Amino acid sequence: MREFDVVGHAAEIIRRGGIVAFPTETVYGLGADAFAPLAVARIFEVKNRPYFDPLIVHVASPRDLDHLVTDVPAMAKSLIDRFWPGPLTLVLSKQSEVPDIVTAGLPTVAVRMPKHPMALGLIEKAACPIAAPSANPFGYLSPTTAEHVRDQLGDQVDLILDGGPCQVGVESTILSFSEEMPRLLRPGGVTLEEIERVIGRVEPCSNKEGMPGAPGMLPRHYAPRTPILLDREATVRDSVKHKKIGLLAYREPREAAPFHHVEVLSMKGDPREAAANLFAAIRRLDTMDLDLIVAETVPEEGLGRAIMDRLRRASRRDGYAKDEHVES
Ligand code: TXA
Ligand code: MG
């Protein structure tokens with residue numbers, strides 16, 4: 001008997017206008033045919049995502065860009081050669097055929113070629129580019145296992161492809177080519193250092209007029225239900241002595257007391273391992289009925305930039321502060 005081709009089945013669902021959750025190397029995505037506006041609209045509904053927040057279009061080969069973008073600048077080409085397939089998203093000027101619901105009416109479209117074989121197989125078999133945000137309710141932690149998706153969106157999606165835990169664990173880096181100089185919109189799986197080694201200096205995220213770098217980069221994001229405090233000062237622990245506190249430790253902690261539970265991102269302090277464990281560790285802490293999660297800060301270099309970006313957003317309780325460094 002032939003083995004059931006689950007990826008082929010998922011592709012068929014996409015071709016018929018359905019929505020499918022699928023693994024990528026960064027986080028799980030919730031995908032639809034990028035050229036089917038009604039299917040894409042269902043993604044927004046299921047996620048409860050505001051329509052001003054555009055989606056990333058996933059391709060199976062750089063050749064697929066012909067239908068999506070008008071031009072690939074030389075620097076973007078070099079980055080594609082070096083980092084695709086992989087966790088790098090490029091914002092390029094779009095072809096007029098790309099539906100407005102995908103790009104939130106912007107003249108640009110965000111594109112990336114994921115590395116996970118199941119994601120590539122799905123796009124190839126569906127024979128269309130796949131528009132997909134992370135497969136979580138808007139504002140909540142991104143899923144890094146099929147189980148996370150099932151817990152939160154299970155009955156609302158047509159199928160969940162299980163490709164195991166995501167290896168990178170934080171979302172793709174987003175780089176925009178809509179201005180003269182390339183600009184970083186979101187730190188992620190490919191580090192700024194790696195990018196600058198290929199194309200030279202990149203503009204940092206801008207906070208002009210209090211606008212987020214990418215339309216969806218809201219200050220409070222990736223947030224669990226339990227409050228998170230960034231452990232910048234040691235005093236934090238004293239001020240919350242009598243509460244039930246969990247610790248999100250970057251590396252092996254010196255002492256577990258006074259914490260109710262400790263999650264260690266990487267015993268040896270390896271940023272790759274820490275990124276891969278980040279969202280699942282916060283989720284576990286979030287199920288423990290804690291009063292507070294204290295998160296250790298990590299050095300802001302390499303992947304540490306993406307980790308700190310997610311931790312800052314997860315810890316925000318309030319609205320948006322203009323002077324905050326966060327590349328919101
Ligand atoms: O790793 C990832 O990028 C994952 C996997 C599933 O590929 N996807 C992901 O998608 O993180 P999402 O929707 O959670 O985040 C996409 C971000 C949003 O902040 C959105 O505002 C920004 O990309 N974005 C999309 N299109 C854009 C555009 N044309 N210009 C600027 N930002 C854009
Ligand atoms: Mg997301």
Estimated FRET transfer efficiency when R0 is 35 angstrom, pair A127-E3 (beta carbons, to 0.05)
0.95
When the chain is treated as a Gaussian network with springs between alpha carbons less than 10 Å apart, the largest mean-square fluctuation among L184, L90, L79 is found at L79
Scan around L185 for amide H atoms under 5 Å from its own, H built in the peptide plane at 1.01 Å from N, and keep only partners 5 or more places away or cross-chain.
I174, L175, S176
For each of S142, S78, S315, count neighbouring Cβ atoms within 10 Å of the residue's Cβ, then give the residues from fewest to most.
S78, S315, S142
Starting from the amide H of H116, placed 1.01 Å from N in the peptide plane, find each other amide H under 5 Å away whose residue is 5 or more places distant or on another chain.
E25
Shape call for region 1-110, from the Cα gyration tensor axes a ≥ b ≥ c (a/c under 1.5 means rounded, otherwise prolate when a/b beats b/c, else oblate), comes out oblate
Determine the shape class of region 97-167: with a ≥ b ≥ c the square roots of the Cα gyration tensor eigenvalues, call it rounded for a/c under 1.5, and otherwise prolate if a/b is greater than b/c, oblate otherwise.
oblate
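Just flag the trypsin sites (Lys or Arg not before Pro) in region 1-109 sitting in loop per DSSP whose Cβ has no more than 15 other Cβ atoms within 10 Å. Walk me through the intermediate numbers first.
Details: sites: R2, R15, R16, R42, K47, R63, K77, R82, K94; in loops: R2, R16.
Those satisfying the criteria are R2, R16.
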Where labels lie 7 Å past Cα in the beta-carbon direction, separation of E45 and D162 in nm
2.8
Please list, ordered by chain and number, the residues whose modelled amide H lies under 5 Å from the amide H of L159; skip anything fewer than 5 residues away on the same chain.
A21
For the chain, averaging the sequence separation of alpha carbon pairs under 8 Å that lie six or more residues apart and dividing by its residue count, the contact order in percent is 19
Rounded if a/c is under 1.5, else prolate if a/b is larger than b/c, else oblate: which is the chain, with a ≥ b ≥ c the root eigenvalues of its Cα gyration tensor?
prolate
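Can you give the extra length, in nm with one decimal, that the chain gains between E193 and T287 once fully stretched, where that is 0.36 nm per residue apart less the Cα-Cα distance?
Working: separation 94, 0.36 × 94 = 33.84 nm, distance 3.55 nm.
The span from E193 to T287 would gain 30.3 nm if fully extended.
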Anyone know which of E301, E179, E252 comes out most mobile in the 10 Å Cα GNM of the chain?
E179
With label points set 7 Å from each Cα along the Cα-to-Cβ direction at T297 and S178, the distance between them in nm comes to 3.1
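Quick note: the coordinates plus some simple rules give every number you see, no bench work behind them. The model shown is predicted, which means the values in this text are computed figures rather than measured ones. Glycine also receives a Cβ, built like all others from the backbone with ideal geometry; neighbour counts cover every protein chain displayed.
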